[in-house]
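Comments concern the structure below.
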């Protein structure tokens, strides 16, 4: 008997929340040596396809889903969105990272890496803060307050998260290289160079893990 399924196939990173992305990454790590499980996890977390129905997909449906995912998962050029809205509140990205308050910078660098992981929502709380004044493209944001609730970022799309990640890390590396040449070198937290060095590989890992797997997804049909 043929059963009709309704799937929500994402067409951009904006359709995937941080919560969903983290859940996918965690399970992919746990089942990375099981190809069938990996295939099922990607389609379950991104499209809502129950694993019990995966082998019943016809080749055309399966290929269509894979094509739609490939369209945006292959795009790693995600721009920084300086002003965003979360739960009806406008947030602005730190206007001047070179003048970020020392406490905020130290709180970011206390993490072993700067990547999309369980600590990322805390970093977003530092990088994005409520806008208190705006005029044209210029704006000012609320002063940094440590340990504010960061759960709101779990529902925000990955387009915003990846845009912030790439911008912050690349700019921070440039800033670090310039600062290391100055007499203010001792003002930088000791672990920042190690953190940013590790972060480069973690960015690629965060972006490429689902893409690389999708390229190898095996087609299923009813007779598989």
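Ranked for footprinting exposure by Cβ neighbours inside 10 Å, fewest first, 5, 154 give 5, 154.
With each label modelled as a point 7 angstrom along the Cα→C-beta vector, the residue 133-residue 9 pair spans 5.0 nm.
Model label points for residue 106 and residue 87, set 7 angstrom from Cα along the Cα-to-Cβ axis, are 2.8 nm apart. For the range 69-97, the residues whose backbone nitrogen is under 19 Å from a point 7 Å from the Cα of residue 155, taken along Cα to Cβ, are 84-92. Ordered by the count of other Cβ atoms within 10 Å of each Cβ, fewest first, 26, 113 give 26, 113. Cβ-to-Cβ counts within 10 Å put 161, 170 in ascending order as 170, 161, the fewest first.
A crude spin-label estimate for the pair residue 64 and residue 171, with each label 7 Å from Cα along the Cβ direction, gives 4.2 nm. Mind jotting down the distance between the C-alpha centroids of the range 61-126 and the range 1-48, whole Å? Rounded to whole Å, the Cα centres lie 20 Å apart.
All of the numbers you see were taken from the coordinates with simple rules; none came from a lab. Fair warning: this is a prediction, and the values are worked out from it, not measured in the lab. Reconstructed Cβ throughout: ideal geometry from the backbone, glycine too, with neighbour counts over all protein chains shown.
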